[in-house]
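Contents: one structure, followed by commentary.
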Amino acid sequence: MLNIKDLHVSIEGKKILNGLNLSINKGEVHALMGPNGSGKSTLSYFLSGKDGYEMERGSIDYNGKNLLDLEVDERANEGLFLAFQYPMEIPGVQTSFFLKTAINSKRKHHGLPEIDALEFAKLIKSQAQELDISPDMLRRDLNVNYSGGEKKKQEILQMSLLNPAMSILDETDSGLDIDALRIVSEGVNKLRNKDNSFLVITHYQRLLNYIKPDYVHIIADGKIVKSGDFSLALELEEKGYEEISKTA
Amino acid sequence: MIKDNILNDTSMENLSIHAKEILLEKNPFKNFKIENYRYAQLHKNIESQSDTVKSPLHKDLTKLTTDISHNTFANIDLKPTIDKWGFSNSDSFFRVSSLVHRTSISINLDNFKETSLFLNISNISKNITIQKKDPQLKTLVLLNYNCDDETPKSLIFNVAENANLEVVHYDVSNKKSFLYFEVKQSNYSNFNFASFQSNNTHIRNEFFSSLAEKCNFELSGLNFNNFGVNDNYSFIQHVKPSSSSREVFKSIVNNGAITNFQGKIYVDSIAQKTDGYQMSRSLLLDNISKANNKPELEIYADDVKCSHGSTVSKIDQEQIFYFNSRGISKEVANLLLQKAFIIETLDIIQTKDIKDFSIKLLDNLLT
Amino acid sequence: MAATEQTIKQVNKLGNSDYKYGFSTDVDDIKPPKGLNEDIVKYISAQKNEPEWMLDWRLKAFSVFNKMPKPDWAKLDIPDIDFQDYYYYSSPKSLKDKPKSLDEIDPEILKTYEKLGIPIKEQEKLAGVAVDVVFDSVSVATTYKKQLSELGIIFCSISEATKNHPELVKKYLGSVIPIADHSFAALNSAVFTDGSFVYIPEGVRCPVELSTYFRINAMNTGQFERTLIIADKNSYVSYLEGCTAPMRDESQLHAANVELVTLENAEIKYSTVQNWYPGDSEGKGGIYNFVTKRGACRGNNSKISWTQVETGSAITWKYPSCILQGDNSKGEFYSVAITNNRQQADTGTKMIHIGKNTSSKIISKGISAGKANNTYRGLVNIQSKASNSRNFTQCDSLLIGNECGAHTVPYIESSNSDSMVEHEATTSKINEEQLFYCMQRGLNSEDAVGLIVNGFCKEVLQHLPMEFAVEAQKLVAISLEGSVG
């Protein structure tokens, strides 16, 4: 699915990723944990194709394609989804209209006709209900005046509507209370199947109690310093980043 | 005579045909792109107003000079200079005509060891060029009062790289005074300008400012209790990236006065990351007076943050009511709210003594 | 709604040309020679069988035009216009005798409208839209006339109104825009060829949105419409104006005058989508659009609301204004102006507060891309007797690329101490983070820009009647095509 080899990335001359290797297969859930400034968010933005990052070395293979050859929207339409840590507010654009546009962009990319209005209404209604998103929210402008929790739910709603092959969750747990965290995690778990993969980026082990990862990686100074299974997350919780990094 | 001057003066080379035409005409507005002078009435003879409104022009404010403590007079070096008058984007009639009618002197602020300097420009009949190179912050107090002079006067500030300068300009009790200020800021320099205008009959101040890279420019103006016509015109030009300008102008208009504010933020196409802000607010206290505001944005770079706002209103009657309900009379409440409205403009003055003095003067003149 | 979607679809099918509406039909034109002189004015008047008072009025306007300089306040680079190089009258030959029904209309013309996506036959049946179609200066068809006339509403061409309702035309024509207002107004008054006339009688609420489509078709024909709308006491009307023009290489002159009058308690809502040919990407060709639109709220409690979406024309010079004479009267101006490539726009409004308790609201959204310049210019004037008046103005500009310019030039003049004027303006670039977010969800860059810009303009677009809103949204996106690398 996704194969990152020896990735070196810098921003304005400052090196952020420093020889990162990561390989994610179909159906797997990987957690990436690390302290602030370790390069977690940079990785997620870089994979999505955001401007302003300089790749010095390395390769990224995505489903047999060179990811770097694809534009931001092409990557998205090929099934790469980023749940933003800080979802953008877009004034004047109704949420449901945005969702429809996104779905149709993907359908167009795959040579499918536009989604039927009724079908869309049904789809969005059922999905929104599961995530405890009110119909009123869908009529409001995208992310404008949403609470932190509402924004994160909105991200998961988009994820479930677009049904991506590879999802990256960038600190989706930050700013969530325990109820919202449970709803969001359930949403993610429902999407898990043998054909799609997840990269869950988080600072805390808390989220991983809800979304059980197959693998846990610890990132420090722009590279993965330790990998293991779920027990690594528990160990990390106990000892802290500094000690784990030292022993690595 | 003017004609000869223009034709012979080499410093005129930089002027556009347009500007030369202005000088050749008796009426400066003939064929002149009137837009920058939309509300100006320079050639109107404005007498201090009728019987009902008594101009306190006779008020002797000479005490002003002695009231500012801890300040010394600047020793003025009377060396005539010809400056490059390089404002490319607008032909100010003021700049042009002051250049023709007056000679220039130059003052180097670095020659003084005091941090606060005082200059009475009403006594000086020349254009003045002021140099500032030293990074150390200096405060220059300019006093312009009791003037009755039709001919514009120019003050040019050359602020060198990394230099910091603050100017406080008291424009008080003038019958007729036309001033042209031009600020040329080099990279990384900071310049604050506060203009205090009150008790005047006919004044116009033009502020032209040109900002290089990573400069800060702050201009604040307060204009209250005037008579006749009060014009303020500002043109802030961002010609290099990453500089910021902030301008706040407040006026309280009464006594049948006409108060005009026109201000433009201009951003060149290379001046990315400019941060420009301008606010002009007027309180209009009676129906025989007029407040005209014309804020402008002219922007050619896309990665900028520029905004302006402008309001004309009366004193908030609900606030008056609130004061009344606490036993404060309408008159006192009015005065308090006027002061509250305008005092914000003095916040940019960093030198405490001068700020305190300004507030004292405000209290004195706000009636 | 269905009609406009259909319009868009049909138009999109047109194919390769950058300008989606660029084509012209072969209709035999009858034309007097090029040029502007008294004889042409007389010729136009004679062609329309006008009464003498109208001819006199035109001639007076023409003599005023000759004496006036061109207005020069706008921040526009206007090429010298040779007024002698234009035709001032053209009318499709087969329409010399006006058709009694749509069936009599030249099939060529009907085809043009089909290409444009305005099937007249269907429009008759469509949800309550009556269409008065101006094709090259002559009104070709007026539908729904009968139904409207039962309510006492007069909706016809201005030439017809001159014949059939001279008392109304005499009373109101030129009463809001005097012939000597500026030279383009004088020019229009002298040589106007046709346009719409609407009279809504006392107490009537017009049940449908009145609509007119304008097209410039004949080569080098300056088009000079004259529109006059009068809303008598307690009446209401919503009027839509939309324009598209065929592609031409030579610049074309357009100087319309639109006058609105509301009497006591009356309301007029006037909406425009302007999509004249903007010229090619190098700025060649394109319409010069010098429009004077002005409304007078004569009666107490009356209201005039302007909504405009300006995406076309090489040069747009336009200030739909309100004169708020009646006490408690209201003026509104909602505007989206988009300039791309080498287009220039100087547009805004004037709100003149004369009566007591008058209020006005201005919302302007300017978008500039390519090498275009876009200026908002607006006057708010509060006169000394207009106590307790209020104005609120919000102007936002968006820049796409660093070769374009966005300018904001408000004039705020107040002489009344009980009044309140507020103005706010911002200028910024299109938000890169928002673009990235949309693209991460699979939208391509043009769709993403269209979406964000539409969001930026929503406050204005939502004031358009439904029929226009959908079309306008697509137009917004279409006009910005090619603006983002």
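The values are calculated or read from the model by the stated rules, or taken from the named source; none is laboratory data. What you see is a predicted model; the values in this text were computed from it and never measured. Here Cβ is always computed from backbone atoms with ideal geometry, including for glycine, and neighbour counts include all displayed protein chains.
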Q) Restricting the search to the stretch B:243-257, which residues are at pLDDT below 95 and more than 9 Å from chain C (Cβ to nearest Cβ)? A) B:Asn255, B:Gly256, B:Ala257
**Q.** Pick from the stretch C:58-81, criterion more than 14 Å from chain B (Cβ to nearest Cβ) and aliphatic (A, V, I, L, M), ranking: nearest to the chain's Cα centre (by Cα)
**A.** C:Ile78
(Q) Step by step: first the residues of the stretch B:268-282, then only those that are of a type outside the set (Phe, Trp, Tyr) and surrounded by fewer than 23 Cβ atoms within 10 Å (Cβ to Cβ), then the one that is nearest to C:Ala386 (Cα to Cα). Which residue is that? (A) B:Arg281
Q: Only residues that are part of a loop (DSSP other than H, G, I, E, B) and either of a type in the set (Lys, Arg) or farther than 25 Å from B:Leu361 by Cα (or both): list them for the stretch B:131-155, please.
A: B:Lys133, B:Asp134, B:Pro135, B:Gln136, B:Glu150, B:Thr151, B:Pro152
Q: Quickly run through the stretch A:41-82 and pick out the residues that are aliphatic (A, V, I, L, M), in a strand (DSSP E or B) and more than 20 Å from C:Leu443 (Cα to Cα).
A: A:Met55, A:Ile60
**Q.** Options B:Lys330, B:Lys305; residue that is of a type in the set (Lys, Arg) and within 14 Å of chain C (Cβ to nearest Cβ)
**A.** B:Lys305
Q: Looking only at the stretch A:177-196, decide whether some residue is closer than 21 Å to A:Asn3 by Cα, modelled with pLDDT of 90 or more and crowded, with 19+ Cβ neighbours inside 10 Å.
A: yes
Q: Could you grab me the full set of residues in the stretch A:45-64 that are surrounded by fewer than 14 Cβ atoms within 10 Å (Cβ to Cβ), at negative phi and either within 14 Å of chain C (Cβ to nearest Cβ) or free of Cβ contacts under 8 Å to residues at least 24 places away in the same chain (or both)?
A: A:Asp51
Q. How about the stretch C:383-470: which strands (runs of 3 or more DSSP E) wholly inside it have at least 3 residues that are more than 7 Å from every other protein chain (Cβ to nearest Cβ)?
A. C:390-400
Q: Scan the stretch A:115-131 and give yes if some residue there is more than 28 Å from C:Leu398 (Cβ to Cβ) and in contact (Cβ under 8 Å) with a residue 60 or more places away in the chain, otherwise no.
A: yes
**Q.** Top-ranked residue in the stretch B:133-165 [being farther than 20 Å from B:Thr351 by Cα and of a type in the set (Gly, Ala, Ser); ranked as surrounded by the most Cβ atoms within 10 Å (Cβ to Cβ)]
**A.** B:Ser154
(Q) Checking the conditions here, which among B:Ser269, B:Ser251 is in a strand (DSSP E or B) and of a type in the set (Gly, Ala, Ser)? (A) B:Ser251
**Q.** Selection status of A:Ser105, of a type in the set (Ser, Thr, Tyr) and closer than 18 Å to C:Ser445 by Cβ
**A.** yes
Q) For the subset of the stretch B:186-203 comprising residues that are under 18 Å from B:Gln262 (Cβ atoms) and crowded, with 24+ Cβ neighbours inside 10 Å, which member is nearest to the chain's Cα centre (by Cα)? A) B:Ser195
(Q) Looking for something touching a Cys at 6+ places or on another chain (Cβ under 7 Å) and not in a loop (DSSP other than H, G, I, E, B) - is there at least one such residue anywhere in the stretch B:217-224? (A) no
(Q) Let me confirm something: among C:Asn188, C:Asn164, which residue is surrounded by 22 or more Cβ atoms within 10 Å (Cβ to Cβ), at pLDDT 90 or above and either polar (S, T, N, Q) or under 16 Å from C:Leu55 (Cβ atoms) (or both)? (A) C:Asn188
**Q.** Criterion: of a type outside the set (A, V, I, L, M) and within 19 Å of C:Ile179 (Cβ to Cβ) - qualifying residue of C:Thr316, C:Thr307, C:Thr227
**A.** C:Thr227
Q | Subset of the stretch A:71-95 that is surrounded by fewer than 21 Cβ atoms within 10 Å (Cβ to Cβ) and more than 21 Å from the chain's Cα centre (by Cα) - its residue that is nearest to the other protein chains (Cβ to nearest Cβ) | A | A:Gly92
Q. Quick one: what pairs do we get from the stretch B:112-137, first residue over 14 Å from B:Leu179 (Cα atoms), second at pLDDT below 85 and loosely packed, with under 14 Cβ neighbours inside 10 Å, C-beta under 6 Å, 6+ apart or different chains?
A. B:Glu114/B:Thr72; B:Phe118/B:Phe73
**Q.** Residue check for A:Val93: part of a strand (DSSP E or B), hydrophobic (A, V, I, L, M, F, W, C) and under 30 Å from A:Ser134 (Cα atoms)
**A.** yes
Q) With the stretch A:129-230 as the region, which helices (runs of 4 or more DSSP H) entirely inside it contain at least 2 residues that are within 21 Å of A:Val29 (Cα to Cα) and basic (Lys, Arg)? A) A:148-162, A:178-191
Q.
When you check B:Asn158 against the structure, is it outside any loop (DSSP other than H, G, I, E, B), out of contact with any Cys (no Cβ under 7 Å at 6 or more places or on another chain) and not small (Gly, Ala, Ser), yes or no?
A. yes
(Q) Among the residues in the stretch C:267-283, are any out of contact with any Leu (no Cβ under 8 Å at 6 or more places or on another chain) and modelled with pLDDT of 95 or more? (A) yes
(Q) So, C:Gly482, is that one within 12 Å of chain A (Cβ to nearest Cβ) and outside any helix (DSSP H, G or I) or not? (A) no
Q: Test B:Lys175 against the stated conditions and say whether it is surrounded by fewer than 23 Cβ atoms within 10 Å (Cβ to Cβ), touching a strand residue (DSSP E or B) at 6+ places or on another chain (Cβ under 6 Å) and over 19 Å from B:Ser104 (Cβ atoms).
A: yes
